[in-house]
Structure formats: C-alpha cells, structure tokens
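Taking it in order: structure first as structure tokens, then the write-up.
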Amino acid sequence: MSSLLSHNKDQPRIRKSLSDSCPASSAAATKSLRHERLSRLSSSGSSDASNDTSTNHAESYFLRRENRLSARKKAEEETLNNDYKKMYEKALATNQRLKSRLETSKQELSMIQDQLQRAQKGGTSDCASDLLKAEEKVKAELKMENQRLKDENGALIRVITKLSK
C-alpha cells in the first residue's frame, strides 16, 4: 500500500515532464512513462500477491487510458477531416454555381452586343435618312427665305428709285 502512495506522489513530477515534451514524441513518452511506472511498482520491495494485483491493475488502467486518448484523438481527426471535406464540397458547389452564372452572363453579353451592333447598323441608315430629310427641309426653307429677301430687296430698290426722281 505504501508503494501506491509513493507512486501517487511521483505522478505530478512525471506529468510536468510529459507536458514539457514536444507533441511529436508524446506517444513515445507515454509508453516510456508507463514502462517506468510499472518498473517502479514491480521493484518497490515485496513481491507478494497484493503487489502483483496492483501492478496488473495499474497496467490495465494505463492501457485503458491510452486507448481512450487514442480513440478521442481519432474521433477529433475524423471530425476535422469531415469538416474540411464539407467545406471543400461547399466551395466546389459554389464554384460550379458561379461558373454557370458567369457562362450565362457571357452569353447574355454576347447577345446584347449583337443587338447593339444591329441597332447601330440599322440605326445609322435610319439616322442618315432622317438627317437627309432634315437637311432638305432646311434647304427648302432657306430657298424660300432667300426668295423672299430678293423680292423685298427689289421692292426697296423701286421705292428708292421713285424717291430719288
């Protein structure tokens, strides 16, 4: 029983050295600690049946603890991998959706550009004909104005000649 108490007193010191070690060598450190603890328990003095029982009990405790820790670590890794997989699938779906929207937008842009070109070609001839019509109207108005001014000028010349006689 005293060997178990001395073992418990040593645990904080061992835990401190374990937490100081790097995570990569954690598994090796855990195995060496278990081996060290078991060797302390077995070399504690008496070799009676109670000592063997406590050694077996301690060994099974450490094995169960190791199994629980490794199972928890595997579960965390699987969860993390599933999270990354879900994020990847979501990003892939978003990417596909955006690609299809881009393709649709490109097609719409192409159609609009074609319509604009047709409108400019068709509109140019319409605009040209409208401009020609407007020019002809202005030309006709200018001819009429010119004629009116000629007539008025002739009348003024007649009035001046009558006054000068």
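Structure above, values below:
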| item | result |
| --- | --- |
| One residue from SER70, SER110 being within 30 Å of GLU36 (Cβ to Cβ) and either basic (Lys, Arg) or more than 22 Å from the chain's Cα centre (by Cα) (or both) | SER70 |
| Residue ID - surrounded by the fewest Cβ atoms within 10 Å (Cβ to Cβ), chosen from residues in the range 64-91 that are of a type in the set (A, V, I, L, M) and at pLDDT 90 or above | ALA71 |
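The values are calculated or read from the model by the stated rules, or taken from the named source; none is laboratory data. Just so it is clear, the model here is predicted, and its values are computed rather than measured. Heads up, the Cβs are rebuilt from the backbone with ideal geometry, glycines too, and the neighbour counts pull from every protein chain shown.
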